[in-house]
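The values are calculated or read from the model by the stated rules, or taken from the named source; none is laboratory data. As the structure is a computational prediction, the values presented were derived from the model and not from experiment. Because the Cβ atoms are built from the backbone with ideal geometry, glycine has one as well, and the counts that use them run over all protein chains shown. Only protein heavy atoms, including side chains, enter the accessible area calculation; ligands, DNA and RNA are left aside. Shrake-Rupley method; radii C 1.70, N 1.55, O 1.52, S 1.80 Å.
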Amino acid sequence: TKDNFSFELLATDGKARAGIFHTPHGPIPTPIFAPVGTQATVKAVTPEQLEALDASLVLSNTYHLYLRPGADLVAELGGLHQFMAWPKPILTDSGGFQVFSLTGLRKIDDDGVTFKSYLDGSIHRFSPEISIAVQEKLGADIIMAFDECSNPNDYAYNIKSMERTHRWLERCIAAKKRNDQALFGIVQGGIFEDLRKASAEFVSSFDLPGFAIGGLSVGESKAEMNAILDIVPAMLPNNKPRYLMGVGSPEDLINGILRGIDIFDCVLPTRLARHGAAMTFLGRLNMNNAIFAHDSRPITEECDCYACRNFSRAYIRHLILSKEMLAATLLSIHNIATLEKLVKQSRQAIFDGTYTQYAENFLKNYKTV
Ligand SMILES: CC#C[C@H]1NC(N)=Nc2cc3[nH]c(NC)nc3cc21
Ligand SMILES: [Zn+2]
């Protein structure tokens, strides 16, 4: 794994960092936002459009692809990069979060979990070894440790599930066979600083190519998330990428970068798009709104994405009201472009040593819904 992956820390500005994470499928400039392609597609967006958006990392999900079409089929067809025609870096989540959040969990024990398929209710088993084997068949560049995702507020249970997640990390490391995939450990511990410290120290004790902060963006308050982010990143090795799972909105990205996070992923830009909402640096625009009926302007004047270069707000509103599929494509392109622009501007500000001002200015103008 060593020679396939390396993290170059190029600049810091306070806790904010700018770098490059080198992978077998190319470099990932950080800070970076990764669109989510749960079932081996970023919904409503083609790989060609993602390339045009300068996306450099795309996520897919082990849980979903294991259930359909099956990891063996993906491997038979050349692995995820060939299967979804995405030649750049891919990250797969381990199924840890999904089996706990998406399905009626049947049973959890120290060996693994038994769960029901969200597709047909059939019974399946996941364990650290099974998750790693599936992720090795899928072939992503970055793979995640199999962790237990517990209620972030239950102290006693968090101790138990953190211990289990730590045992499972050791089993993931032992089960790994490929050396062209980077296994990221996941720091747990809910909203509890002492547990987070214990988890960060344990996970950091392994020489892994990168580290994720899990257990956030699972319903805790922004204040609770920021309090954890005020302390955890600095507990992780400075020379490895830090990945905040499932985050987030524009303001979450800014707050995460300010606290030393390098990699983000979230379904928000594409999910909002499918519900007719456009992301802007000032907040969200609900494109269904009648105020846009005669509005010939692009979604935002400053955006140079394909949607803003070619279409008016009135046209996009028409597509939404007509339930045309192009609405989801244009708004997804725009929303992904918006988050990629945010992280690109952040990276430049970190090189310029002006990130604090950039972040303050952004948060002042941004109206959280
Ligand atoms: C507890 C825990 C945990 C983390 N564990 C794994 N494997 N994946 C995650 C995905 C997430 N998505 C969101 N929010 C949308 N929070 C996440 C947290 C995790
Ligand atoms: Zn745009």
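With every atom except the alpha carbons ignored, what do you get for Rg and Dmax of the chain, in angstroms?
20.1, 61
Once the Cβ-Cβ distance between Glu301 and Phe351 is put in as r, and R0 is 41 Å, what FRET efficiency do you end up with, to the nearest 0.05? Display every interim value, and only then the final one.
On the way: r = 26 Å, r/R0 = 0.64.
FRET efficiency, Glu301 to Phe351: 0.95.
Treat every Asp and Glu Cβ in the stretch 1-107 as -1 and every Lys and Arg Cβ as +1, leave all other atoms uncharged, and give the resulting dipole magnitude about the Cα centre to the nearest 20 debye. Let's see the in-between values first.
Numbers: 8 positive and 9 negative charges, 100 e Å.
Roughly 480 debye, rounded to the nearest 20.
Counting only residues 5 or more places away or on other chains, whose amide H sits under 5 Å from the amide H of Gly19 once H atoms are built in the peptide plane?
Under 5 Å from the amide H of Gly19 lie the amide H atoms of Leu10, Thr30, each far enough along the sequence or on another chain.
Using the Cα centre of the stretch 1-64 as the reference point, and only Cβ charges (+1 on K/R, -1 on D/E), how large is the resulting charge dipole? Debye, rounded to the nearest 20.
On the way: 4 positive and 6 negative charges, 53 e Å.
So the dipole magnitude of the stretch 1-64 works out to roughly 260 debye.
Which one of His22, Ala314, Ala175 has its Cα pushed farthest toward the positive end of the charge dipole of the chain, where Lys and Arg give +1 and Asp and Glu give -1 at the Cβ?
Among His22, Ala314, Ala175, the one farthest towards the positive end of the dipole of the chain is Ala314.
Expressed as a rounded percentage, what relative contact order does the chain have, with Cα pairs under 8 Å and six or more residues apart? Spell out each step's value before the answer.
On the way: 747 pairs, mean separation 65.8, N = 369.
Relative CO of the chain lands at 18 percent.
Using the heavy atoms of the protein chains alone and a 1.4 angstrom probe, what is the accessible area of the chain per residue in square angstrom?
Details: 14910 Å² over 369 residues.
Ligands and nucleic acids excluded, the result is 40 Å² per residue.
Determine the alpha carbon to alpha carbon distance for each of Lys107/Lys176; Lys177/Lys240; Lys116/Lys240; Lys116/Lys160; Lys176/Lys344 and list only those over 32 Å.
Numbers: Lys107/Lys176 25 Å; Lys177/Lys240 22 Å; Lys116/Lys240 36 Å; Lys116/Lys160 23 Å; Lys176/Lys344 34 Å.
Lys116/Lys240; Lys176/Lys344, as the Cα separations exceed 32 Å there.
How large a share of the accessible area of the stretch 54-140, in percent, is made up of carbon and sulfur atoms when the probe is 1.4 Å and the other protein chains stay in place? Can you show the working numbers first?
Numbers: 1780 of 3310 Å².
Heavy-atom surface of the stretch 54-140 belonging to carbon and sulfur, 1.4 Å probe: 54 percent.
Who wins for biggest fluctuation among His294, His166, His81 in a Gaussian network model of the chain, springs between alpha carbons below 10 Å?
His294
Just going by the charge dipole of the chain, with Lys and Arg at +1 and Asp and Glu at -1 on Cβ, which of Tyr243, His275, Leu65 is farthest out on the positive end?
His275
Please report Rg (one decimal) and Dmax (integer) in Å for the Cα set of the stretch 88-193.
Considering the stretch 88-193 through its Cα atoms, Rg and Dmax are 13.7, 41 Å.
For the chain, which span is the longest to avoid every loop-located (per DSSP) member of trypsin sites (Lys or Arg not before Pro) having at most 13 other Cβ atoms inside 10 Å? All intermediate terms of the calculation are to be shown ahead of the outcome.
Numbers: sites that count: Lys177, Lys323, Lys367.
The reported range is 1-176.
Treating the beta-carbon of each Lys and Arg as +1 and of each Asp and Glu as -1, no other charges, what is the dipole magnitude of the chain about its Cα centre, to the nearest 20 debye? Could you put the intermediate results ahead of the total?
On the way: 37 positive and 41 negative charges, 141 e Å.
For the chain, the charge dipole is close to 680 debye.
Would you calculate a helix-derived [θ] at 222 nm for the chain, using -39,500 (n - 2.57) for each DSSP H run of n ≥ 4 and dividing by the full residue count, to the nearest 500? Spell out each step's value before the answer.
Numbers: 15 runs with 151 residues, N = 369.
My calculation for the chain gives -12000 deg cm²/dmol from helical runs alone.
For the stretch 296-369, which whole-number percentage of the solvent-accessible area (1.4 Å probe, protein heavy atoms only) is attributable to carbon and sulfur atoms?
Details: 2020 of 3880 Å².
Here it works out to 52 percent.
With unit charges on the beta carbons (Lys and Arg positive, Asp and Glu negative) and the dipole taken about the Cα centre of the stretch 1-103, which residue among Phe7, Gly95, Thr38 sits farthest to the positive side?
Selected residue: Gly95.
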